[in-house]
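Notes for the one structure printed next.
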Amino acid sequence: SQQGEEDPQALSIQEGENATMNCSYKTSINNLQWYRQNSGRGLVHLILIRSNEREKHSGRLRVTLDTSKKSSSLLITASRAADTASYFCATASHTGRRALTFGSGTRLQVQP
Amino acid sequence: GAGVSQSPSNKVTEKGKDVELRCDPISGHTALYWYRQSLGQGLEFLIYFQGNSAPDKSGLPSDRFSAERTGGSVSTLTIQRTQQEDSAVYLCASSSDTSPQNIQYFGAGTRLSVL
């Protein structure tokens, strides 16, 4: 079953704008990861934030985590047409269970 | 290999037939996962292998679904007596057992269509 929801379900922006996606989850976590999926392809890991971290940066990506609200956000700055993809959050349980639990995803369209 | 390889990339079958999906993980990755992705949805966990054993099969939706892994490498997911609701993309992932963060590396998936 899905861990939680992502919003928005779909997002369309112009190149150069920032894109923000949100993820909510339900249970205690060890870490939260964001993955990207291009159409018809597998998922590619983007960034990981541990449960004791609040913010993390990687290039044009910024991830925040609020464990009290069980939520995370992914910000992509200065978006490019090549950023067009679906983005999923995935949580790793604090129990040590190896399977990741994925959100429902946000479809991002960046218009050139 | 360089990445996770899945075959076939597409499979069309008739209702009631059996299908086998194959996954070849990244060399040296001891952990292997199968997920299912329905159209426009997130990923649903099916089964996890550590080496050749499957300590977590909790996601298999019915006894028509089974999986095995041999030699700590290639895995096969078998769906017997396929139903239309089995239509989905089946994704395989692998990870290094030494990675506590459990970052997973995915194949491109097998798109299964049951007519």
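Every read-out reported here was derived from the displayed coordinates using simple, explicitly stated rules and does not represent laboratory data. The structure presented is a predicted model; accordingly, all values stated were derived computationally and were not measured. Ideal geometry is used to build each Cβ from the backbone, glycine not excepted, and the neighbour counts take in all protein chains shown.
Below, the figures for the structure above:
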item	result
Hits in the stretch B:84-112 - residues which are within 14 Å of chain A (Cβ to nearest Cβ) and over 22 Å from B:D24 (Cβ atoms)	B:P100, B:Q101
In the stretch A:1-45, the residues that are under 16 Å from A:R97 (Cβ atoms) and aromatic (F, W, Y)	A:Y25
Any hit, the stretch B:65-83, residues being aliphatic (A, V, I, L, M), at the interface with chain A (Cβ under 9 Å from one of its Cβ atoms) and assigned to a strand (DSSP E or B)	no
Close pairs from the stretch A:8-28: first touching a residue at least 40 places away in the same chain (Cβ under 8 Å) and aromatic (F, W, Y), partner part of a loop (DSSP other than H, G, I, E, B) and surrounded by 13 or more Cβ atoms within 10 Å (Cβ to Cβ), Cβ under 7 Å, at least 6 apart	A:Y25/A:Q3; A:Y25/A:G4; A:Y25/A:K70
Scope the stretch A:38-64; condition within 14 Å of chain B (Cβ to nearest Cβ) and farther than 28 Å from B:T110 by Cβ; matching residues	A:I49, A:R50, A:S51, A:N52, A:E53, A:K56, A:S58, A:V63
Residues that are touching a Cys at 6+ places or on another chain (Cβ under 6 Å) and of a type in the set (S, T, N, Q), drawn from the stretch A:64-112	A:S72
